[in-house]
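Bear in mind these aren't lab numbers, they're just calculated from the coordinates by the rules spelled out. Keep in mind the model is a prediction, meaning the values are calculated, not measured. Heads up, the Cβs are rebuilt from the backbone with ideal geometry, glycines too, and the neighbour counts pull from every protein chain shown.
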Amino acid sequence: MIKVLFVCLGNICRSPMAEGIFRQLVEQAGLSGQITCDSAGTSSYHIGDLPDRRMRQTSKSYGIELTHCARQLHRRDFEEFDYLVAMDESNYAHIASHTGYRSEHKDKVLLMRTHDEIPSVSNVPDPYYGQLDEFEEVYRILLHANKRFLNYLIQRHKLAE
Ligand code: 4NP
């Protein structure tokens with residue numbers, strides 16, 4: 001089983017949506033028996049909270065129900081997951097400075113937009129202080145990036161769809 005952890009700051013906006021979109025793509029590809037996913041935040045701000053209402057509303061309009069309860073990144077996540085996918089460079093830096101992080105974990109920490117074709121744009125923007133249309137924009141970015149990330153996993157691990 002390949003285990004993927006999506007990571008943002010609060011674990012109530014970007015990473016739970018990334019988790020929901022990715023899970024839907026994995027199911028559509030018939031790969032649920034081979035890939036599993038979860039999400040976490042680098043901060044403790046929203047531990048136990050459901051995703052932001054605007055994020056749930058946006059996801060629901062695309063057929064994705066977000067029921068994840070926010071949790072904080074833990075040192076055991078570095079052993080448990082094969083990939084830790086950061087939403088932005090700040091999350092990435094936080095992961096790399098976490099007490100659970102060791103140099104041999106470097107290859108499993110990625111930026112969500114690493115596989116996008118626009119190499120100069122590396123961050124999934126944080127919509128928390130934005131308007132509803134910014135949540136829509138994050139959905140589009142995450143759908144695109146997750147399709148590419150899943151294709152990368154399929155090729156790298158020679159998964160049969
Ligand atoms: P997220 O968004 O990292 O995508 O979950 C945020 C959620 C909450 C806060 C910041 C960003 N906050 O400052 O509470």
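Around the Cα centre of segment 69-161, unit charges on the Cβ atoms of Lys, Arg, Asp and Glu (plus for the first two, minus for the last two) sum to a dipole of about 420 debye.
Each Cα pair under 8 Å and six or more residues apart adds its separation to the average, and for the chain the resulting relative contact order is 27 percent. Only helices enter this figure: runs of n ≥ 4 DSSP H residues, each worth -39500 (n - 2.57), summed and divided by the residues of the chain, yield -11500 deg cm²/dmol at 222 nm to the nearest 500.
Remark on the chain: ratio of C-alpha radius of gyration to 2.2 N^0.38 Å is 0.96. For the chain, the dipole from Cβ point charges (+1 on Lys and Arg, -1 on Asp and Glu) about the Cα centre works out to 280 debye, to the nearest 20.
A dipole drawn for segment 45-137 from +1 and -1 charges on Cβ atoms has a positive end, and of Y62, P127, I95 the residue lying farthest that way is I95. Of the chymotrypsin sites (Phe, Trp or Tyr not before Pro) found in segment 1-108, those in coil by DSSP whose Cβ has at most 14 other Cβ atoms within 10 Å are Y45, Y62.
List every DSSP H helix in the chain whose Cα atoms extend 15 Å or more along the helix's own long axis and whose mean Kyte-Doolittle hydropathy is at least -1.0.
Sorted by number, the helices that extend far enough and score high enough are 14-28, 132-156.
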